[in-house]
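The values are calculated or read from the model by the stated rules, or taken from the named source; none is laboratory data. Note that this is a predicted model, so its numbers are computed, not measured. Because the Cβ atoms are built from the backbone with ideal geometry, glycine has one as well, and the counts that use them run over all protein chains shown.
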Amino acid sequence: MINQEQATQKTKINAETVKPDMPVVCSNDGQFAVVDHLEGKDSIKLKKDGTGKHHFIPMSWVKLVDDKIHIDRPGEQAMKEWRTEAERGTGARASDARAASSQPFFRSSR
């Protein structure tokens, strides 16, 4: 028998439900980004951060879309793993870009 968590993991999120200006929320329920637009069918381009850079997260991180994009990892982990280029390139690590900024991008919803 399949439990709810296994069923959720097997359900692919429809990329068409991702819309510009939607908040992106981490697994700790904190908003850490805002959607700029969908980049192809596999990447979400996020609005520019405090350093003026766009970042990309893969659709595979998305576990739920309602009025927000909910991802499967904490915000700090996501910001270490996001890319500054779409999936086709490797890009610089987001942590390198944030190191140059004195303003953290992560915002808690609490």
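Among the residues of segment 46-58, those identified as buried (at least 20 other Cβ atoms within 10 Å of the Cβ) and over 8 Å from the mean Cα position of the chain (by Cα) are Asp49, His55.
Tell me, which residue of segment 85-105 that is surrounded by fewer than 17 Cβ atoms within 10 Å (Cβ to Cβ) and within 18 Å of Val34 (Cβ to Cβ) is modelled with the highest pLDDT? The selected residue is Ala86.
For segment 12-26, a residue qualifies if it is loosely packed, with under 12 Cβ neighbours inside 10 Å, part of a loop (DSSP other than H, G, I, E, B) and modelled with pLDDT under 95, and the qualifying residues are Lys12, Asn14.
Of the strands (runs of 3 or more DSSP E) lying entirely inside segment 27-86, those containing at least 1 residues that are within 14 Å of Thr17 (Cβ to Cβ) span 31-39, 43-46, 62-65, 69-71.
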